[in-house]
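J.: Below you will find the structure I want to go over with you.
The values are calculated or read from the model by the stated rules, or taken from the named source; none is laboratory data. All figures in this text were calculated on a predicted structure; none of them were measured in a lab. Note: ideal-geometry Cβ built from the backbone for every residue, glycine included; neighbour counts use all protein chains shown. The protein model used for the area step is the full one, side chains on, heavy atoms only, and it has no ligands, DNA or RNA in it. Shrake-Rupley method; radii C 1.70, N 1.55, O 1.52, S 1.80 Å.
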Amino acid sequence: MIRIVKKDNTKEEFNVQKVLQAVDKSAQRALIQFTDEEHDFICTFVEEKVLSMNREEIYIREMHNIVEGALEKTNPLVAKSYRDYRNYKQDFVHMLDEVYKKSQSIMYIGDKENSNTDSALVSTKRSLIFNQLNKELYQKFFLTTEELQAARDGYIYIHDMSARRDTMNCCLFDVKSVLKGGFEMGNLWYNEPKTLNVAFDVIGDIVLSAASQQYGGFTVPSVDLLLEPYAEKSYKLLYDKYLSLGISSEKAEEEALKDVKIDFEQGFQGWEYKFNTVASSRGDYPFITVTAGTGKGRFAKMASIALLDVRRKGQGKKECKKPVLFPKIVFLYDKNLHGEGCELEEVFEAGIRCSSKTMYPDWLSLTGEGYVPSIYKKYGQIISPMGCRAFLSPWYKEGGMYPANEEDTPIFTGRFNIGAVSLHLPMILAKARQEGKDFYEVLDYYLNLIRKLHLRTYDYLSELRASTNPLAYCEGGFYGGHLGIHDKIKPLLESATASFGITALNELQQLYNKKSLAEDGAFAIEALAHINEKINKFKEEDHRLYAIYGTPAESLCGLQVQQFRKKYGIIENVSDREYVSNSFHCHVTEEITPTKKQDLEYRFWNLSNGGKIQYVKYPIDYNINAIKALLRRAMEMGFYEGVNLSLAYCDDCGHQELEMDICPKCGSSNLTKIDRMNGYLSYSRVKGDTRLNAAKMAEIKERKSM
C-alpha cells in the first residue's frame, strides 16, 4: 500500500481518483473540460510514476510535481491553472503564518505602532490581530505587483492598510446636521436634545459611534457654535424655573447663567472622561478633535472658555490632576476678534493660559496669510483641521471643484478624506542616483503609482452601501449623507480628498548636498513645488480632489530609516539616526530659535495645503508672555501652530514641572509624561512605560528646537 504524506504530516492511502478531482477543478478554472481519454492518460501517467518510485510513502509536494507533469503533456493551460492554485494556497499559508507571528507578538509583547492604542487590553489585542489579517488581505487582493513592490521596498508608504478597503479616513463630521430634528442610531430614535446637558450626552454617543466606523482623525468643527442653541434652551428653562419660584428677573438671570456655566463645565468634563477611557470598536481611543473660539454670543463664548478651563485644570485625584489627551482642541484665531482690545480677547487669554499648562489648544490662523485664511477672509468659511493636520480642498455648492459663479460658496463641514499614501523622498533620490536617472523622472513614476492607487480606491469605496455607516451616510453626518441604507455611497465621494504625503524633506536636502533645511532647503522646496505642479495636473485630468500632505510619521519615522539602510546603507545625517524628520520640519537637533524655526518652515507652508502644522519647542517655563508673543507672530504668518513644552507629572505627590524624570519633591519615578508626537500629544511615559515606539522616543530625547 502506498501512502501520501500530507503537509501536516498526516498520511492517507494513495487514490488516483483524488488526482482526477483536483485536475478537473484546475481545468474548470481554465474553462476546459477533459475527455475520458485525457482522464485515462492522466491516471495512467500518475500511477506509473508513483509505482516507479518503489516507495511506501510519497510526500505531497512530490505528488504535485507528478500531476503537473501529466497536465503538461495533456494541456499546458490546465497545468498553469493547477500550478497557480497551488502557489495561491502556498501564499495563503505564508500570509497566515505572518498573521500568527504578529498575533503572538501582540499577545505577549504588545504593539506601539499607534500611541492611541493600549495594547495591554484584551479588546485592543483582538483588534490589532484582526488588523494584521486585514492588512495582509489588502496587500494580497487589492494592490498590484508594482504597488506592493514599491511599498515593500519603502519608496511609498500606504497608510492604514488594515482599514482602507472598509471605510473612510479623517473627516469633519457634521454633528449639527445629525442632531437637527432628531435621528436614528442603532435602530433607536433619538429626539433632538432640549437641554445642554442632554446635548453633551447625545453628542458624546454620536462621536463614539461614528468615529468607530472610520479611521484617522474625527473632528467636530466649531463646537462652541454647535452647543450654543442648546445652552439657550437650558437657560430659558432655568430662567423660567427661577421666576416661578418668585425670584426677581435679575437674580433669576444670574442663577440661570451660573447653572448653564456648570452644565458646560460638567459636559466638557464628561467628554474628557468618555473620549479617553472608552475605546472604539477598532481597539483604539478615537482621535477626536474639536475646534472653537469664534462664537460671539454669550453662550458660545462661555462654551469656549469652559472647554479651555476644564482642560487646563486637568482630571484625576484632587492632588494629582493632569490634562487628558482627547479631544484635541484647536483654537480658531481671528485677529479682529481675538486681538488686543477686541471683543473675544478674554477667550484668547483663556486659550493662552490653557496652552501654557497643557500644550493644547493648537492655534489655527484665520486672518494671516495663506490658504485657510484666504478662504475665511473671502467666504467667511472655516477650514477646521481633520484630526491633527489634514485640510480639505474647496468643494463648491454649485460648481464642485471650481466656483460656478461669484455667488458660489465652498462647503467643508461634512466632508472627508479617503486615505493617504506617502512618498519616501530620500529613497527616491537615492534610487535615481544609483540607476543614473533623473530624480524627477523617478519621482513622477511613484506619483503616478499613488495616483492609480487613489483612483482604484475611489472606485472601490463607491460600491459600499450607506448601511456601513448610517450616521454619516443616512443621518447627515457627511455632506449629502441622507441616503437610503441600501444606496451606494458613490455620490458622496465626489467631494472627498485623497492625500499624497511627503516625509523626510530634511533628509532629502541632506542627501542632495549634505546641508540641512536650516542651512539650505532650496532643493527640498524645488521638489515640493514639482509635486504640487504634478498633482494639480492630476486633479484636472482625473477630476479628483488630490491634496499634498505633510505626513506626521509616528512609527513610520523609524521604518523609513530601516528601509533606506536596507537598500542604500547608512549615510551621515540621512540614515545614521533611528528616525527621519517629519514632513517639512527642520531637524529636531537644530540649535535655532523658535522665530528662526517659524521663518525656515514658512517656506514650505503654502506648498502643503492638504495637511500641515508648525510647532516649536518653547524653551520657557510656563512663561505666558513669551507664549503669547510667539503665538501672535505665528497667527500673523498664517500658521496652524502648536506649542511644545514636554509636560511631566508625579503620580504620587502631584508635583509638576517640565521635563523631569524623577520627582524632586518626593523622589518618585512614577511619572506621567506628555510629549508632542507630531500634530498631537501622546504619553511618552505612563506607569513606568511608554506607548511610543523606540524611534519616536529617540527623536524626543534629541529635541532642541521642537
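J.: Taking the stated definitions as given, is Glu657 touching a residue at least 24 places away in the same chain (Cβ under 8 Å), closer than 23 Å to Lys321 by Cβ and of a type in the set (D, E, K, R)?
T.: yes
J.: Given the conditions (1) of a type in the set (A, V, I, L, M); (2) more than 20 Å from the chain's Cα centre (by Cα); (3) open to solvent by 30 Å² or more (accessible area, probe 1.4 Å), which single one is not true for Leu196?
T.: That leaves (3) as the condition not met.
J.: Closer than 26 Å to Phe326 by Cα and not in a helix (DSSP H, G or I): is that true of Ala420 in this structure?
T.: Judged against the criteria, Ala420 is a match.
J.: Within region 168-242, which strands (runs of 3 or more DSSP E) (wholly inside it) include 1 or more residues that are out of contact with any strand residue (DSSP E or B) (no Cβ under 9 Å at 6 or more places or on another chain) and in contact (Cβ under 8 Å) with a residue 40 or more places away in the chain?
T.: So the answer is 183-185.
J.: Pairs needed: first member in region 59-76, in the same structural domain as Ile32 (by the TED database) and touching a residue at least 60 places away in the same chain (Cβ under 8 Å); second member anywhere, open to solvent by less than 50 Å² (accessible area, probe 1.4 Å) and of a type in the set (S, T, N, Q); C-beta distance under 8 Å; at least 6 residues apart or different chains.
T.: Pairs that qualify, where the first residue is in the same structural domain as Ile32 (by the TED database) and touching a residue at least 60 places away in the same chain (Cβ under 8 Å) and the partner is open to solvent by less than 50 Å² (accessible area, probe 1.4 Å) and of a type in the set (S, T, N, Q): there are none.
J.: Spot the failing condition for Trp271; the list is (1) open to solvent by 70 Å² or more (accessible area, probe 1.4 Å); (2) under 30 Å from Gly339 (Cα atoms), and only one is missed.
T.: The one condition Trp271 does not meet is (1).
J.: Does Ser222 satisfy the criteria of being within 28 Å of Ser462 (Cα to Cα) and within 30 Å of the chain's Cα centre (by Cα)? Outline the logic, then answer.
T.: On the way: within 28 Å of Ser462 (Cα to Cα): no; within 30 Å of the chain's Cα centre (by Cα): yes.
It is false that Ser222 is within 28 Å of Ser462 (Cα to Cα) and within 30 Å of the chain's Cα centre (by Cα).
J.: Kindly indicate the residue of region 455-488 that is assigned to a loop (DSSP other than H, G, I, E, B) and of a type in the set (Asp, Glu) and also nearest to Thr167 (Cα to Cα) among those meeting that condition.
T.: Applying the first criterion (assigned to a loop (DSSP other than H, G, I, E, B)) to region 455-488 yields 462-464, 469, 474-487.
Right, trim to of a type in the set (Asp, Glu) and you get 463, 475, 487.
On the way: Glu463: 11, Glu475: 17, Asp487: 15 Å.
Taking the candidates together, the pick is Glu463.
J.: Still on this structure: Anything in region 308-327 that is more than 25 Å from the chain's Cα centre (by Cα) and under 13 Å from Met359 (Cβ atoms)? List them, or say none.
T.: Residues satisfying the conditions are Arg312, Gly314, Lys322.
J.: Something else: Got a sec? Which of Tyr360, Tyr333 is in contact with a Lys or Arg (Cβ under 7 Å, 6 or more places away or on another chain), surrounded by 21 or more Cβ atoms within 10 Å (Cβ to Cβ) and aromatic (Phe, Trp, Tyr)?
T.: That would be Tyr360, the only listed residue that is in contact with a Lys or Arg (Cβ under 7 Å, 6 or more places away or on another chain), surrounded by 21 or more Cβ atoms within 10 Å (Cβ to Cβ) and aromatic (Phe, Trp, Tyr).
Table: residues versus (1) over 30 Å from Phe173 (Cβ atoms); (2) touching a strand residue (DSSP E or B) at 6+ places or on another chain (Cβ under 9 Å); (3) open to solvent by less than 10 Å² (accessible area, probe 1.4 Å).
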site	(1), (2), (3)
Asn506	yes, no, yes
Lys539	no, yes, no
Thr551	no, yes, yes
Gln560	yes, yes, yes
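J.: Out of the residues in region 1-24 that are under 16 Å from Glu68 (Cα atoms) and touching a residue at least 40 places away in the same chain (Cβ under 8 Å), which is surrounded by the fewest Cβ atoms within 10 Å (Cβ to Cβ)?
T.: Ranking the qualifying residues of region 1-24, first place goes to Ala22.
J.: Is it the case, given these coordinates, that Thr409 is open to solvent by 40 Å² or more (accessible area, probe 1.4 Å), over 23 Å from Tyr473 (Cβ atoms), at pLDDT 95 or above and hydroxyl-bearing (Ser, Thr, Tyr)?
T.: For Thr409, the condition - open to solvent by 40 Å² or more (accessible area, probe 1.4 Å), over 23 Å from Tyr473 (Cβ atoms), at pLDDT 95 or above and hydroxyl-bearing (Ser, Thr, Tyr) - is met.
J.: Next question, about the same structure. Looking at (1) open to solvent by less than 10 Å² (accessible area, probe 1.4 Å); (2) out of contact with any helix residue (DSSP H, G or I) (no Cβ under 6 Å at 6 or more places or on another chain); (3) assigned to a loop (DSSP other than H, G, I, E, B), which one does Gly295 not meet, given that it meets all the others?
T.: (2)
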